[in-house]
Amino acid sequence: MKDKANKLGLVFADIPSNYKVQDIRFNKPVIHRSFKDGKLVGSMIIKDIDEVKINKEKISYFTPNNIAILLSVNMKAYKEAEELYKNYFKDDNKIYKDHIPERSVKLMDYIEAIQTALVFGYTALETFINLSIPDDYIHENQNNKGIIENYNKEAIERWLDTKKKLNILKDVYKTNKLENQGWWSYFILLEQYRNSIIHQKTINSTGFYKEYFKSNIFEVCSITKKILKFFYDAHEKNNQTNPIWPWLINESNSFPINNNYDSNNFEVVGRHEK
């Protein structure tokens, strides 16, 4: 199928119960419904398709979800680090019997996995925040001189730090105060650890690596998914749908819905194998 904006899609099922999640990194499909006299007369589930040219050949693929890709990298690295810690760094494991060269290699693998989890977890959160802010949203802020400043979406993305932008989502998703949530302190650490990686000033300063061996490091590495789930729960409670939500939050969560399907807005352009 192709819509009037020349956006390609594949009709994958007719109703949600007939749809199976193939890969949690895909964008969610949209349910298009048609009503007549207030009664549902038809529906179809369309998955977005993108195309790329590789070696002069054009190939089609299901459109990825930006947040899901980043969060997937985060979770894979987190699980790798957790496995390394369990296998090598507990008191009763062999890492303590290894010579320094062998031990150091395992430590490098662990540090690399932790840093990947931290950076991609934070980036997934930043992406989620930026995509969540409505295009017409205006943030009002009083500066230290008492002057009221207004920020549109572009200015919010460019000039406000992640902590301030995260608090804007409290308004967007109508949630309770974020600082009172159990995950808030872990978010602060996630930001701190990520910044220590990205903004290194002294190449010989390696003390921040030692933070990765504290007991709460795995909670910090995996906190992005919990933060997104917090906003999703508020989002779902208000009976809203949004295509930005990745399957990683909850595979049984709701689909984006278009209740005004008009066949005149679509064109059948061919068949694609599923």
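Computed from phi, the 3J(HN,Hα) profile of region 25-31 under the Karplus parametrisation 6.51, -1.76, 1.60 (θ = phi - 60°) reads 8, 6, 4, 5, x, 10, 8 Hz, with x in place of Gly and Pro.
Using the Karplus relation 6.51 cos²θ - 1.76 cosθ + 1.60 with θ = phi - 60°, the per-residue 3J(HN,Hα) values for region 116-126 come to 4, 4, 5, 5, 6, x, 5, 5, 4, 5, 4 Hz, with x marking Gly and Pro.
Taking Lys and Arg as +1 and Asp and Glu as -1, the other residues whose beta-carbon sits under 12 Å from that of S72 total +3. The packing ranking of peptides 152-158, 115-121, highest mean first, is 115-121, 152-158, where packing means the average number of other beta carbon atoms within 10 angstrom of each residue. Each Lys or Arg adds one and each Asp or Glu takes one away; over the other residues whose Cβ falls under 9 Å from the Cβ of W183, this sums to 0.
Counting only protein heavy atoms, what percent of the accessible surface of region 53-144 is carbon or sulfur at a 1.4 Å probe?
Reported share for carbon and sulfur atoms: 50 percent.
The values are calculated or read from the model by the stated rules, or taken from the named source; none is laboratory data. Computed from a predicted structure; not experimentally measured. Cβ: placed from backbone, ideal geometry, glycine included. Neighbour counts: every protein chain shown. Calculation scope for accessible area: heavy atoms of the full protein, side chains included, ligands and nucleic acids excluded. Shrake-Rupley method; radii C 1.70, N 1.55, O 1.52, S 1.80 Å.
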